[in-house]
1. Is it the case, given these coordinates, that residue 39 is of a type in the set (A, V, I, L, M) and within 20 Å of residue 109 (Cβ to Cβ)?
2. Criterion first (free of Cβ contacts under 8 Å to residues at least 60 places away in the same chain, surrounded by 14 or more Cβ atoms within 10 Å (Cβ to Cβ) and of a type in the set (Gly, Ala, Ser)) does residue 73 satisfy it?
3. Tally the residues that are part of a helix (DSSP H, G or I) and open to solvent by less than 60 Å² (accessible area, probe 1.4 Å), restricting the search to the stretch 39-57.
4. For the stretch 1-34: of the residues being under 13 Å from the mean Cα position of the chain (by Cα) and closer than 25 Å to residue 116 by Cα, which is surrounded by the most Cβ atoms within 10 Å (Cβ to Cβ)?
5. Could you name every one of the helices (runs of 4 or more DSSP H) located completely within the stretch 77-183 that has at least 3 residues being exposed (fewer than 14 other Cβ atoms within 10 Å of the Cβ) and small (Gly, Ala, Ser)?
Amino acid sequence: MSALEWIATLLGIACVALAAWRSVWTFPTGIASVALLGVVVFEARLYSDALLQLFFVAANIYGWLNWADARRATGAVRVTHLTATARAAWLGGILVVAVLWGAGMHRFTDASYPWWDAAIAAASVAAQVLMARRRVENWWLWIAVDLASIPLYIAKGLMLFAVLYLIYLVLAVAGLLAWRRAA
């Protein structure tokens, strides 16, 4: 395991823990973590995952601004639930994006596990946007992403990242419980 993997892992753990506690510091920590993670997964030919990390940099900036504004306006980072219609729309969007992205990665690259990687990427994008918008449902998506990522990273020999996603899974469950109480 490289030093880069270790640093990305430690920053990732801190990022998710800070998100569970609704701390705005989750975002600068997340930016550093995903930048390093992007290098590692690109070298492992998980191209959807690598592109996803670039998206996460932008999404973390968006979330940081959104949460800071919310905290300034109300004194706290308040969270809410999606409507049933919005949940269905988000899930449908995830499925469509996963199929289209997976097909592109399968056809045009030498990506490892293009469909699996694309499904994780699509759900991760949705989860990150929902977290930035302070929606409780982001944690359900993160739980699904973590459950799917652990065996993918094991298959690619990225054992430290598999352990990281196991820790993320525990933190996501804790985040879900904390955000449900806060909502």
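1. For residue 39, the condition - of a type in the set (A, V, I, L, M) and within 20 Å of residue 109 (Cβ to Cβ) - is met.
2. No; evaluated as a whole, the condition is false for this residue.
3. So the answer is 10.
4. Of everything passing the filter in the stretch 1-34, 30 is surrounded by the most Cβ atoms within 10 Å (Cβ to Cβ).
5. Counting at least 3 such residues, we get 84-108.
The values are calculated or read from the model by the stated rules, or taken from the named source; none is laboratory data. Please read all numbers here as calculations on a predicted model, not as lab measurements. Every residue, glycine among them, receives a Cβ derived from its backbone with ideal geometry; neighbour counts consider all protein chains shown. Just so you know, the surface numbers come from the protein's heavy atoms only, side chains and all, with ligands and any DNA or RNA stripped out. Shrake-Rupley method; radii C 1.70, N 1.55, O 1.52, S 1.80 Å.
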